[in-house]
Structure formats: structure tokens, C-alpha cells
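Student: Let me give you the structure first, and then I'll get to my questions.
The values are calculated or read from the model by the stated rules, or taken from the named source; none is laboratory data. Computed from a predicted structure; not experimentally measured. Backbone-built Cβ (ideal geometry, glycine too); neighbour counts: all protein chains shown. In case anyone asks, the SASA skips ligands and DNA or RNA and just uses the protein heavy atoms, side chains included. Shrake-Rupley method; radii C 1.70, N 1.55, O 1.52, S 1.80 Å.
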Amino acid sequence: MPVHNADIARIFEEIAELLELEDANPFRVRAYRNAARVVGEQRFELAERLAKEGALPKLPGIGEDLSAKIQEIAATGTCALRERLAKRAPAGITELLHLPGLGPKRVRALNRELDVHSLSQLVRAAKDGRLRALAGFGAKTEKRLLDAALAQLGTTRRFKLAVAGEYARSLVAHLEKTRGLQNVVVAGSYRRMKETVGDLDILVTVSSPTAAQAVMRRFAGYGEVKKVLAQGETRASAVLASGLQVDLRVVPRESAGAALHYFTGSKAHNIALRRMAQAKGLKINEYGVFRGERRIAGDTEESVYGVFGLPWIPPELREDQGEIEAAGQGALPKLVRLEDLKGDLHAHTKATDGRNTLEEMAEAAQARGLAYLAITEHSRRVTVAHGLDPARLARQVAAIDALNARLKTFTLLKGIEVDILEDGSLDLPDAALAPLDLVIGAVHSSFKLSRARQTERILAAMDSPFLSILAHPSGRLIEAREPYDVDMLSIVRKAKARGIALELNAHPERLDLSDVHCRMAKDEGVPVCVDSDAHSVGDFDNLRYGIGQARRGWLEKDDVLNTRSLAALRKFLARGRF
Ligand code: DGT
Ligand code: CA
Ligand code: CA
């Protein structure tokens with residue numbers, strides 16, 4: 001498993017907390033906390049850089065000792081100091097530390113005053129009302145901690161869609177080699193393109209009972225399987241080395257459509273459909289749709305929907321969010337497809353923290369069938385990414401002009417991902433922005449501002465006559481950083497008024513705009529652009545997941561800015577400027 005910056009940052013944060021718990025020197029605690037932040041803010045993967053160059057670049061506040069620890073973590077996935085500290089700490093303490101709202105100080109108080117050393121002890125103490133009596137806790141905190149502890153005890157790990165996608169594709173390729181196998185499909189949340197996936201639900205059809213046995217054997221023998229949880233004639237469950245659970249089912253051909261429908265979900269969508277079936281005196285389950293004992297549909301998904309007089313509903317819409325009503329009225333959206341994209345408006349090169357040259361990025365985008373690509377480096381404020389100042393930006397603009405003169409059927413657009421500073425001003429002067437084709441504004445700092453101030457900051461940035469796109473509008477990193485608190489409706493309306501588009505950043509860690517906010521943008525008439533945020537030629541793969549999320553947000557081709565021709569795009573970009 002590759003070690004990500006987020007893993008290193010988490011270990012440093014844990015070390016800081018464990019040290020704090022031991023009443024260690026506060027300067028030492030702060031050094032680890034700072035290191036966690038600095039590592040987390042890097043736009044390139046430190047472990048990759050180490051593997052390639054054998055050394056780390058200079059990072060603020062990271063001296064020899066911390067640098068050695070980063071190397072240790074990159075190489076081993078863990079850190080001896082953390083293991084040592086964790087061993088010394090009472091069992092259960094680290095779980096408590098991971099609870100939002102519980103820092104080392106409060107954990108110490110819980111230990112000393114209430115003899116609480118684990119999540120389950122915390123739950124008991126909270127239920128008894130003993131927490132609220134502690135100095136600095138109170139009834140509200142007690143309730144919040146109880147909820148958080150219960151959630152923690154009940155959660156299993158979820159996987160980012162792109163990560164689950166990698167595991168799914170190799171497993172499917174492995175299964176497809178089975179003799180007698182007819183079809184493999186991954187259903188569940190993965191088929192619905194949900195941003196995170198709890199487990200993979202794989203359905204298989206086969207030509208004979210022996211083929212079914214062969215599939216089961218091949219599944220259990222897959223190299224990545226760590227543990228087989230259950231195995232029968234037509235069902236098996238296993239956990240992969242990554243921790244991802246896989247449920248596999250062999251389904252009869254005549255009910256393949258019903259099974260696919262059932263196991264694609266969502267549960268809410270299934271329940272809504274079952275209610276419609278009941279109203280018609282029918283029964284629906286994973287084997288088909290039945291009138292009494294007689295199966296009246298189920299070989300295909302179309303046949304299942306057909307029973308209700310509905311057209312087939314794309315999996316991404318199946319959340320019981322109005323899709324059944326829309327289908328009934330013949331008003332389903334005609335969802336945007338990957339092939340509809342004509343360009344990509346967010347990419348980086350070697351000039352900052354990307355890995356490829358302008359030429360290489362242009363070539364790769366063209367190979368994907370795109371007609372244009374905007375190069376949008378970070379601005380100077382993002383020092384860790386070696387962001388551009390006006391002079392370096394001007395040099396890149398000249399390089400793009402020169403390259404465009406040579407390119408025949410492809411266009412590089414001159415852009416920037418300019419930082420939105422805390423006061424809402426942009427990190428580069430108008431004179432630097434004016435020559436560009438497009439300006440993407442992005443928040444990369446001060447995530448913790450109050451809702452009012454954060455909203456004000458972004459609205460102020462949108463007043464710039466140069467801003468054409470708002471990057472990753474919520475700032476969240478999936479399962480790593482909450483979105484900042486902001487009034488999204490105000491931002492969407494401002495975008496409408498100012499002729500600005502909202503980005504759906506397709507980077508696997510981001511997928512930001514959310515599906516809900518995509519729908520909000522559509523309702524308000526604001527175009528969304530699905531961008532890869534590519535830092536290397538391989539990152540154009542991100543686009544498929546961005547499109548998945550756009551589809552979950554009901555977006556159609558016309559709702560997505562970068563489905564437009566270059567000429568139409570230029571018209572849009574010119575419109576905002578006054
Ligand atoms: P996940 O794995 O948590 O990301 O989400 P799903 O949607 O893949 O859920 P999962 O794996 O628990 O179940 C797969 C599908 O099976 C689910 O989307 C709908 C169907 N399903 C599961 N449990 C029920 C149920 O109790 N009732 C109905 N109607 N369908 C269910
Ligand atoms: Ca699932
Ligand atoms: Ca499942």
C-alpha cells in the first residue's frame with residue numbers, strides 16, 4: 001500500500017496527542033503538530049518524491065529528526081516512536097483521542113475523574129449523565145460525545161470511489177477469466193458512483209452449475225483475498241488485503257435483472273419501488289417481480305421498471321430523490337457522459353507541483369479525445385507547490401502561446417488557480433490575470449472562518465472581473481477534512497449573477513462539488529465544469545469519477561461547461577468580464 005501524506009500527517013498528529021497526554025514538553029508537541037499540518041498541505045506525495053529522488057525537499061519547520069521520521073513512515077507505514085508512545089498509553093485512550101471534541105486535556109480529565117479509558121466506558125458514563133458533571137463538559141458536550149462515540153463504535157471503514165474502483169477492476173478482470181462465466185457486474189454503491197463505497201457487491205451469471213463452482217473457487221483463490229468470511233454454492237464474502245469487503249453472488253439468468261436492480265440499490269430506492277409493487281398487488285425481490293407465484297419480470301432491469309410503466313433509471317439517480325416521479329412523468333434527465341467532455345479546465349505541470357511538461361499534458365489530454373486543456377498552476381501564496389508569481393506566470397503564458405502555434409487540432413488555454421486570500425482578494429494583481437483565458441479562484445487556507453466570514457470572503461473574490469471558475473467550492477477532502485462552513489446557495493446565486501462557473505473537482509480525494517450542490521447549481525442555472533485537477537498525465541482518469549458525481553447531481557450535457565466547443569467556452573469566459 002502506498003503511504004499518503006494524509007497517513008504521515010495522521011501519525012504525526014497522533015504522536016503530538018500522545019506526547020501531550022504524557023505532559024511532554026509543549027515545544028515538542030507543537031513541532032509534531034506543525035509537521036502534521038505541513039505534510040498534510042503538500043500537493044505532491046512525499047513518499048513518491050522520496051522513492052524517486054531519494055530525498056525530501058526542504059519543508060518549513062521540518063528538520064533532520066522529523067525528516068527521518070517521514071522517511072521511516074514512507075518506508076514502513078508506521079513510526080517506532082508512535083508505537084512506543086501508544087504502548088505506554090493506557091489501552092483505549094487512542095480511540096478516545098480520535099473522537100471529535102476530545103483532546104488530550106479532556107481525555108486526561110476523563111481518566112482521572114471518571115475512570116473512563118475507552119469508548120464503551122465513555123458511552124456508559126455519558127448515558128449515566130456523569131460526563132456533564134465534569135468541569136468544562138456540560139450536557140451539550142455530553143450528548144455530542146455520546147453520539148460521536150456511538151457512531152465510532154458502529155462505523156466500518158469506507159473506501160473512496162476511485163480506490164474501490166481500482167480494486168474492483170482487477171478483481172473483475174480476475175473473475176472474467178473463469179471458464180463458463182457469462183457476465184460480471186459490480187452493483188451496490190459502486191455502480192451508483194457514490195463518493196465512498198462500503199463494500200463491493202459483485203453479481204455473476206454463468207452457463208452451468210460447474211461454472212458456478214469454478215467462479216467460487218477462483219474468487220476464494222484470488223491473490224488479494226486476505227480472509228474468506230463465508231462461502232456457499234452461490235454466495236461468498238471475503239475481505240481483501242486492503243480491508244475492502246466483497247460480496248459475490250452467482251445469480252440465475254432469468255432473474256439477473258432483478259438481482260442487479262436489487263443489489264444496486266439504493267435501499268431507499270428499492271423500498272420506494274417495493275411500495276409501488278405492493279400497491280399493485282405485486283411482489284418484488286432479488287429474484288424478480290411476481291404476481292402470486294408467477295414471475296412477470298426480472299430477466300433485465302428494463303423489465304423490472306417496465307412493470308411499473310417506468311423507463312430504465314440510471315443507477316446514479318437511484319437514491320429516492322425524485323427519480324421515480326421524474327421517470328413516471330417522462331422527465332428523467334439525459335445525464336452527461338464522459339464522451340460529452342470536450343476539454344478539461346484544471347491541470348498542473350512541472351512548473352509547479354505537477355509531474356509532466358506542457359507538451360506531455362497536451363498530448364495526453366488529446367489522446368483522451370479532448371480538444372482543449374487549461375493549464376492552471378497555483379499562485380505564489382501556495383509556496384509548498386512552488387506557486388507562480390507574475391513573472392513566472394508570464395513566462396508560462398509565452399510558452400503556451402509558442403506551443404499552441406505548433407499544435408494543430410488542440411488548444412492549451414492559459415489559466416491560473418489563484419488563491420483566494422483571507423480577505424477575499426486574489427493572490428495576483430489584475431495585470432497578471434488580464435492576459436489569461438481563464439482564472440480559477442481557490443481557497444487553500446483559513447478553513448476555519450465563521451460561516452459569515454467564509455461566505456463573505458468567497459463572494460468578495462467573485463467580484464473580481466477576472467474570476468471565471470470557483471475551484472472545489474466546499475474545500476472538503478473526503479473523510480479527511482470537513483467542508484468549510486459556507487452558505488452555498490449565496491455562492492451559487494452570486495455565480496449566476498456574475499457569470500461564473502462552479503467546479504466539480506474530480507480529484508479522488510475531493511469530488512467537490514457534492515452531488516447535492518450540483519443539483520443546486522443546475523436549479524439556479526449555473527454551469528458546472530468537471531475538471532481533473534490533473535498533476536500528471538495519468539490523472540485524466542479522474543474525469544470518469546467526476547462525471548459519475550455530476551450524474552448523481554442530475555447534470556445533463558448542457559449543464560456542464562466543458563462539454564461546450566472551444567468557441568462557445570470562450571464566449572462564456574468573456575461574458576463574466578466587465
Ligand atoms: P455501501 O456498501 O455501504 O457503500 O452501500 P450499498 O448501497 O452498496 O449497500 P449494501 O452493500 O449494504 O447493499 C447493496 C444493495 O443491496 C443496496 O444498495 C440495496 C440492497 N439492499 C441491502 N439491504 C437491503 C434491504 O434491507 N432492503 C432492500 N430493499 N434492499 C437492500
Ligand atoms: Ca456495497
Ligand atoms: Ca454488500
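Student: Compare THR234, THR349, THR78 by solvent-accessible area with a 1.4 Å probe and give them largest first, with all protein chains kept in place.
Tutor: Working: THR234 70, THR349 5, THR78 45 Å².
Descending order: THR234, THR78, THR349.
Student: Just to be sure I understand: of the beta bridges DSSP finds with both ends in the chain, what percent are antiparallel, rounded to 5?
Tutor: Taking every DSSP beta bridge within the chain, about 45 percent pair in antiparallel fashion.
Student: With charges set only on the Cβ (+1 for Lys and Arg, -1 for Asp and Glu), what does the dipole of the range 264-328 come to about its Cα centre, in debye to the nearest 20?
Tutor: Computed about the Cα centre, the dipole is about 440 debye.
Student: Going from most exposed to least, what order do TYR262, TYR305 have by accessible area with a 1.4 Å probe? List each step's numbers first, then the result.
Tutor: Working: TYR262 85, TYR305 0 Å².
Accessible-area ranking of TYR262, TYR305, largest first: TYR262, TYR305.
Student: By average Cβ neighbour count within 10 Å, what is the ranking of 251-257, 511-517 from highest down? Let's see the in-between values first.
Tutor: Numbers: 251-257: 18.7, 511-517: 22.6.
Result, highest mean Cβ count within 10 Å first: 511-517, 251-257.
Student: For the chain, taking Cα atoms only, what is the radius of gyration to one decimal and the Dmax to the nearest whole Å?
Tutor: So, for the chain, Rg and Dmax equal 26.2, 76 Å respectively.
Student: Taking the Cα centre of each part, how many Å lie between the range 183-251 and the range 441-507?
Tutor: Answer, in whole Å: 40.
Student: Among VAL197, VAL397, GLY292, pick out the residue whose Cα is farthest towards the positive end of the charge dipole of the chain, where Lys and Arg carry +1 and Asp and Glu carry -1 on C-beta, about the Cα centre.
Tutor: The listed residue farthest towards the positive side: GLY292.
Student: Largest first, how would LYS143, LYS127 line up by accessible area (1.4 Å probe)? Kindly include the intermediate steps, with their values, before the conclusion.
Tutor: Values: LYS143 115, LYS127 140 Å².
Ranked from most to least accessible, the order is LYS127, LYS143.
Student: Quick one: compute the contact order of the chain, relative version, from alpha carbon pairs under 8 angstrom and 6+ residues apart, as a percent.
Tutor: Computed value for the chain: 9 percent relative contact order.
Student: Obtain the nm distance between the two label points defined at SER445 and GLN152 by a simple spin-label model: each point lies 7 Å from its Cα along the Cα-to-C-beta direction.
Tutor: Here the answer is 3.2 nm between the modelled labels.
Student: On to the next question. Just going by the charge dipole of the chain, with Lys and Arg at +1 and Asp and Glu at -1 on Cβ, which of GLY553, LEU504, PHE410 is farthest out on the positive end?
Tutor: Result: GLY553.
Student: In whole percent, what relative contact order does the range 264-328 give with Cα contacts below 8 Å and a gap of six or more residues?
Tutor: With pairs under 8 Å counted, the relative contact order is 29 percent.
Student: Just need the Rg to Rh number for the range 186-244, please, alpha carbons only, Kirkwood Rh.
Tutor: Taking Rh as the inverse mean 1/r over Cα pairs, Rg/Rh reads 0.99.
Student: Oh, and also: With unit charges on the beta carbons (Lys and Arg positive, Asp and Glu negative) and the dipole taken about the Cα centre of the chain, which residue among SER514, LEU358, ALA460 sits farthest to the positive side?
Tutor: Projecting each Cα onto the dipole axis, the largest value belongs to SER514.
Student: Heads up, I need the accessible area for PHE27: 1.4 angstrom probe, whole protein in place, Å², nearest 10.
Tutor: Surface accessible to solvent at PHE27 totals approximately 150 Å².
Student: Next question, about the same structure. Subtracting the Cα-Cα distance from 0.36 nm times the residue separation, let me have the gained length for ARG253 to ASP487 in nm, one decimal.
Tutor: Roughly 79.3 nm would be gained on extension.
Student: Students often get this wrong, so check it: of LYS408/LYS522; LYS105/LYS448; LYS160/LYS280; LYS177/LYS342; LYS342/LYS414, which have C-alpha atoms separated by over 28 Å?
Tutor: LYS408/LYS522; LYS160/LYS280; LYS177/LYS342
Student: Then there is this: With +1 assigned to the C-beta of every Lys and Arg and -1 to the C-beta of every Asp and Glu, and no other charges, what is the dipole magnitude of the chain about the Cα centre in debye, to the nearest 20?
Tutor: Dipole of the chain, to the nearest 20 debye: 980 debye.
Student: Just check the range 202-348 against the gyration tensor rule for me: Cα atoms, a ≥ b ≥ c as the square roots of the eigenvalues, rounded for a/c under 1.5, and otherwise prolate or oblate depending on whether a/b exceeds b/c.
Tutor: oblate
Student: Under a 1.4 Å probe, what is the accessible area of the range 161-214 per residue, stated in Å²? Don't jump to the answer; show the numbers that get you there.
Tutor: Working: 2130 Å² over 54 residues.
Each residue of the range 161-214 exposes 39 Å² on average to a 1.4 Å probe.
Student: Using only Cα atoms, what is the ratio of the radius of gyration of the range 338-575 to 2.2 N^0.38 Å?
Tutor: 0.92
Student: Counting DSSP beta bridges with both partners in the range 165-250, what percentage is antiparallel, nearest 5? Show your work: numbers first, answer last.
Tutor: Numbers: 15 of 21 bridges.
Of the beta bridges lying entirely in the range 165-250, close to 70 percent run antiparallel.
Student: In addition: Order these peptides, 418-428, 54-64, by their mean beta-carbon neighbour count within 10 angstrom, highest first.
Tutor: The peptides rank, most packed first, as 418-428, 54-64.
Student: Also: Compactness ratio of the range 1-113: Cα Rg over 2.2 N^0.38 Å, N = residue count?
Tutor: That works out to 1.09 for the range 1-113.
Student: With 18 Å as the cut-off, how large is the P(r) tail for the range 62-151, expressed as percent of Cα-Cα pairs?
Tutor: 49
Student: Normalised by the residues of the range 273-384, what does the relative contact order come to in percent, with Cα pairs under 8 Å and at least six apart?
Tutor: The value is 14 percent.
Student: Please give the solvent-accessible surface of LEU338 in Å², to the nearest 10, using a probe radius of 1.4 Å with every protein chain present.
Tutor: So the heavy atoms of LEU338 present about 80 Å² to solvent.
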